[in-house]
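Presented below is the structure to which this report refers.
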Amino acid sequence: MAFKPTSLGDLIAHGFDDIIDVRSPAEFAEDHVTGAISLPVLDNEERARVGTIYKQQSPFLGRKIGAALLFKNAARHIEGPLAQHEGGWRPLVYCWRGGQRSGSFAWMLSQIGWRSEVLDGGYKTFRRLVTSMLYDTPLEYRLIMLGGYTGTAKTDLLARLAARGVQILDLEKLAGHRGSLLGETKEGQPSQKMFETRLAMALSQLDPARPVVVEAESSKIGRILLPPSLWAAMCSAPWIDISAPIEARARYLVRAYEDILSDTDRLTEKLNVVRRHRGHAIVDGWMALIAEGDKVGLTRALMQEHYDPSYNTSMKSVERKFMAQISVPDLSERGQDDAADQIAEIVAQANSI
């Protein structure tokens, strides 16, 4: 049997006990259905080998060798991670486009007695549903942008808003990047496809009838591009602007960016990138502060000489409609809580309109 979802919502509410991705590990790593288990019936090398034989020698020989490898690997999965399942287990299986890999594996599971089904069209169906949501239609959500200079704790404020029951969309978390010159994390960023999957799933969990607070970002977070529908909604959304004294921002950034500020080699590499843009004198000044171990002085200089000028330039390019402007005297835990309370109240008023 084949499961045929007509929307992303249908797939999210699939009702199966497990979703099994039988594609190669490399395919799974690039993107996969959220919550899927990776049980490849061909590993990366086997898939490449079978594909080469299929194209260069003969389709029949490729299928024969592929089948032998597939059933050998399937047997290992059945004896291993699937061994604990009882007879009523109901898995949904998919491969690239719902063809031989998923069909063969689902057939084997059904012969055991499990109620397996194949995702019609495979991963390509899932990908089509994601792109349809993000690229083909305008977003139906009412966004509110949380803006302000770098170091005003906008990302932390999002978490505090979520704890207060406010709907949020944390794009930096989804993109695996803090959205600035020093925003790269050690975990790295997902693929563009994986980001879009994360984004689509996050949006699917939101109530379109209620406002959604999003941190103001550019159209690119690290190497991840925001889909046009989301970017258009962000550009037309009203803003809540956060401001704080530069000393409070500098000390906050030392805490928030402790990982890269403590990695001198990585920090130096990142800052050297902007020499052509900011000039040698300015960047050499940053390097001197790094050598002195003056993290607060460095973050202060970065804001005065790089982040704030960039922000001011970007603010001139697009007209913004401000709902409110909130001044935060300090960015301590208490200061952030007070700011989050104010923002939550503003969002609640917007929700009642």
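The values are calculated or read from the model by the stated rules, or taken from the named source; none is laboratory data. Values in this document were obtained by computation on a predicted structure and should not be read as measured data. Cβ atoms come from the backbone with ideal geometry, glycine included; neighbour counts cover every protein chain shown. All accessible areas refer to the heavy atoms of the entire protein, side chains included, with ligands and DNA or RNA removed. Shrake-Rupley method; radii C 1.70, N 1.55, O 1.52, S 1.80 Å.
Summary of values
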item	result
The stretch 218-239, subset farther than 27 Å from Ala13 by Cα, touching a strand residue (DSSP E or B) at 6+ places or on another chain (Cβ under 9 Å) and in a loop (DSSP other than H, G, I, E, B), residue most open to solvent (accessible area, probe 1.4 Å)	Arg223
Residue list for the stretch 186-217, filter: part of a loop (DSSP other than H, G, I, E, B), more than 10 Å from the chain's Cα centre (by Cα) and touching a residue at least 24 places away in the same chain (Cβ under 8 Å)	Lys186, Leu206, Asp207, Pro208, Arg210, Pro211, Ala216, Glu217
Residue within the stretch 152-168 that is on the phi > 0 side of the Ramachandran plot and outside any helix (DSSP H, G or I) present	yes
Residue in the stretch 113-132 that is farther than 30 Å from Pro228 by Cβ and without any contact (Cβ under 8 Å) to a residue 24 or more places away in the chain present	no
Cross-chain or 6+ apart pairs with Cβ under 9 Å, the stretch 255-270 first and farther than 12 Å from Ile290 by Cα, then open to solvent by 70 Å² or more (accessible area, probe 1.4 Å)	Asp259/Lys186; Lys270/Glu184
Tally of residues being in contact with a strand residue (DSSP E or B) (Cβ under 7 Å, 6 or more places away or on another chain), open to solvent by 20 Å² or more (accessible area, probe 1.4 Å) and either closer than 21 Å to Arg47 by Cα or among the acidic types (Asp, Glu) (or both) across the stretch 101-116	1
Selection count, the stretch 42-87, where residues are touching a Phe, Trp or Tyr at 6+ places or on another chain (Cβ under 6 Å) and farther than 22 Å from Trp114 by Cα	1
